[in-house]
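Have a look at the structure below, then the notes.
The values are calculated or read from the model by the stated rules, or taken from the named source; none is laboratory data. From a predicted model like this one, the values you see are computed outputs, not experimental measurements. Cβ atoms come from the backbone with ideal geometry, glycine included; neighbour counts cover every protein chain shown.
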Amino acid sequence: MRCLLAAIAIVAIPAMPLSVIAADACFAPLSKGEIVAQAVFTCLCLIDWSQTIEIAQHPESNNESNPILGHHPSIRRVNALIPLGIASHALITWSMPKEWRKWWQYTWIGIELQSVHVNWRSGISIPF
């Protein structure tokens, strides 16, 4: 699911009509609500990151579901790709037209929330 949504984003942003990609439509400052949504997404990613490190430390009992990381990622891979994903999400959010941002942010909040929940239900702790 994550891979599908990432592919949609990768295709959708370059495919935006030029009229939509105007200086006043994209790269506008984030609203307070968008900043809060980005903070929620980032917090969920930090929890997922911690859980993914636990998965990487115990490959005999856990599998990672993110196809980009692979079923048994190394801690180095986890520590490289998850911060990259967080930063990319923020940059993509900022680059989008304002009317698309909520859809983008809430979709990814839902994906991360599901990942954290599935990991938790599998016995992987939430680190606080």
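Details
- Of the listed requirements (1) modelled with pLDDT of 95 or more; (2) surrounded by fewer than 19 Cβ atoms within 10 Å (Cβ to Cβ), Asp48 misses just one: (2).
- Of the residues making up the stretch 1-45, those that are within 15 Å of Ser95 (Cα to Cα), modelled with pLDDT of 70 or more and of a type outside the set (A, V, I, L, M, F, W, C) are Pro29, Ser31, Glu34, Gln38.
- If you check Val118, Val78 for being β-branched (Val, Ile, Thr) and either exposed (fewer than 14 other Cβ atoms within 10 Å of the Cβ) or not in a helix (DSSP H, G or I) (or both), only one passes: Val118.
- So Trp103, is it outside any loop (DSSP other than H, G, I, E, B), at pLDDT 95 or above and in contact with a helix residue (DSSP H, G or I) (Cβ under 6 Å, 6 or more places away or on another chain): no
Conditions (1) under 15 Å from the mean Cα position of the chain (by Cα); (2) without any contact (Cβ under 8 Å) to a residue 12 or more places away in the chain, marked per residue:
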{"site": "Glu60", "(1), (2)": "no, yes"}
{"site": "Ser74", "(1), (2)": "no, no"}
{"site": "Ala80", "(1), (2)": "yes, yes"}
{"site": "Leu84", "(1), (2)": "yes, yes"}
{"site": "Lys98", "(1), (2)": "no, no"}
{"site": "Trp104", "(1), (2)": "yes, no"}
{"site": "Trp120", "(1), (2)": "no, no"}
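Matching residues to (1) at pLDDT 95 or above; (2) part of a helix (DSSP H, G or I); (3) farther than 17 Å from Ile35 by Cβ; (4) of a type in the set (Phe, Trp, Tyr):
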| residue | (1), (2), (3), (4) |
| --- | --- |
| Pro59 | no, no, yes, no |
| Leu84 | yes, yes, yes, no |
| Ile92 | yes, yes, no, no |
| Gly110 | yes, yes, yes, no |
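- Among the residues making up the stretch 24-39, those that are under 15 Å from Trp103 (Cβ atoms) and in a helix (DSSP H, G or I) are Gly33, Glu34, Ala37, Gln38.
- Residue check for Ile126: within 30 Å of Lys32 (Cβ to Cβ), β-branched (Val, Ile, Thr) and in a loop (DSSP other than H, G, I, E, B): yes
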